[in-house]
Amino acid sequence: MRIAIVGPAHPYKGGGVAHTTELAHRLLGAGHDVVIESWRAQYPSFLYPGTQTVDTPDGAPFPNVRRDLDWRRPDGWVRCGRRLAAADLVILVLLSPVQVPPYLGLLYGLRRRTRVVALCHNVLPHERKPYDTPLMRALLRRVDGVLVHSERQAALARGLGPALVTVAEMAPHLPAGLRPADGGARPVADRLLFFGLVRPYKGLDLLIRALPEGVSLRVAGEFWGGLEETEALVAELGLTGRVELRPGYVADEDVPGLFADVDALVLPYRSGTASQQVWLGHEHGVPVIASRVGTLGDHVTDGVDGLLVEPGSVEGLRAALTAFYRPGEPGRLRAGVKAVDPEPYWASYLAALIPD
């Protein structure tokens, strides 16, 4: 089958890039003829306050990538659609509603000569703008199918368009060789980790307020705004000596060092859909303390390889962190952490995307 994936690839970075690239590799490995139609310019800079591109790719780049799409060039959107008319399947990777206008231009050029599936990482953003719903409705009314990563997202998609909606759990797309050589056995460090893109829905402020006495916190990742507010909160609570802020993009090669001397990864999300973060923590051999939102609650076995808490509560999170540091508990939970096997997830994912 000739398959075109329209989505971000290197030199762009982040989870969407990793997923798109791994999906292309998996489809190629399954015997399909695959191309990624990526971006020369994906977003206006004011919509993405972080660094959009990197020099060194995270993971193995896909060999067949075209980088012609530009948010400033509607004529290029239509040309891309015409070029893809010979494909058997076009997959539109949807990371944000701001991508919808280029995709509508692509669909105009395609003139419905091939099957189109919208692969929605989030049907609607966590922090919504007035234009998000109308844009997504316009797109989902014009595609043949929609693939989402949770039943909650499926309900949103079904409310926006008539296309067939399929649910498949997001398959792991993690860097290789993450497991610590010592199997994860190490002394208690009295240090926790918050890692990844920092946005309000991820609840970093809740974690800072819930930090137990005698425990430190490392925060590593790009801030989408709010860095000054975070620094002020840390100072206000008298935690300057216990909260280490490392703002900025973290390359794959630098990630293991972040996990090497922490007791747990904490994901205090207020809301969520699909996430790789629990698997990332477990791949590094550390237990995960997470909110019961999205797939986080599915990936943590409460009391075995981590702890689950209700979202949005400083008191509940503080109680969980205090319970985590009871004598012997960090080591017991660490011993319960197991590596994820990506193969069954990818087999199900590809079957959902390309049913027999």
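The values are calculated or read from the model by the stated rules, or taken from the named source; none is laboratory data. Just so it is clear, the model here is predicted, and its values are computed rather than measured. Positions of Cβ are generated from backbone atoms using ideal geometry, with glycine treated the same way; all protein chains shown enter the neighbour counts.
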Next item on the list: Please specify each residue of region 206-222 satisfying the condition of being in a strand (DSSP E or B), at pLDDT 95 or above and not β-branched (Val, Ile, Thr).
Entry: SER216, LEU217, ARG218, ALA220
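Can you give me the ranges of the helices (runs of 4 or more DSSP H) entirely in region 246-332 with at least 1 residues that are modelled with pLDDT of 95 or more and among the polar types (S, T, N, Q)?
By residue number, 314-324.
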Next item on the list: Taking VAL143 as meeting all but one of (1) assigned to a loop (DSSP other than H, G, I, E, B); (2) under 26 Å from VAL293 (Cβ atoms); (3) at pLDDT 95 or above; (4) not aromatic (Phe, Trp, Tyr), write down the number of the exception.
Entry: (2)
Next item on the list: Would you please name the residue that is farthest from ASP190 (Cα to Cα), looking only at residues in region 326-352 that are touching a Gly at 6+ places or on another chain (Cβ under 9 Å) and surrounded by 18 or more Cβ atoms within 10 Å (Cβ to Cβ)?
Entry: VAL337
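Yes/no per residue for (1) over 23 Å from VAL198 (Cβ atoms); (2) among the hydrophobic types (A, V, I, L, M, F, W, C):
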| position | (1), (2) |
| --- | --- |
| VAL6 | yes, yes |
| GLY15 | no, no |
| THR20 | no, no |
| LEU23 | yes, yes |
| LEU28 | yes, yes |
| ILE36 | yes, yes |
| ARG40 | yes, no |
| GLN52 | no, no |
| ASP55 | no, no |
Next item on the list: Could you please give the count of residues in region 171-192 that are at pLDDT 95 or above and under 30 Å from TYR349 (Cα atoms)?
Entry: 0
Next item on the list: Go through region 13-41 and give me each residue that's under 14 Å from LEU69 (Cα atoms), crowded, with 24+ Cβ neighbours inside 10 Å and not small (Gly, Ala, Ser).
Entry: ILE36, GLU37
Note to self: Suppose we filter region 336-350 for residues that are in contact (Cβ under 8 Å) with a residue 24 or more places away in the chain and assigned to a helix (DSSP H, G or I); how many remain?
What the structure shows: 6
Next item on the list: Read through the list (1) out of contact with any helix residue (DSSP H, G or I) (no Cβ under 8 Å at 6 or more places or on another chain); (2) surrounded by 17 or more Cβ atoms within 10 Å (Cβ to Cβ); (3) closer than 26 Å to LEU27 by Cβ, then give the number of the only condition that LEU164 fails.
Entry: (2)
Notebook entry, point to check: Taking the condition closer than 27 Å to ASP341 by Cβ and of a type outside the set (A, V, I, L, M, F, W, C), does PRO172 pass?
Noted result: yes
Checklist line | Selection status of THR20, modelled with pLDDT of 90 or more and assigned by TED's automatic domain parsing to the domain that holds VAL90 | finding: yes
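Looking only at residues in region 308-347 that are of a type in the set (Val, Ile, Thr) and over 19 Å from ASP205 (Cβ atoms), which one is farthest from the chain's Cα centre (by Cα)? Don't jump to the end; show me each part of the working.
Step one: filter region 308-347 for residues of a type in the set (Val, Ile, Thr), giving 309, 314, 322, 337, 340.
Next cut, over 19 Å from ASP205 (Cβ atoms) only: 337, 340.
Values: VAL337: 21, VAL340: 16 Å.
Within region 308-347, the match that is farthest from the chain's Cα centre (by Cα) is VAL337.
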Next item on the list: Examine region 223-230 for a residue that is modelled with pLDDT of 95 or more, in contact with a Leu (Cβ under 7 Å, 6 or more places away or on another chain), more than 21 Å from ALA323 (Cα to Cα) and not small (Gly, Ala, Ser), and state whether such a residue exists.
Entry: yes
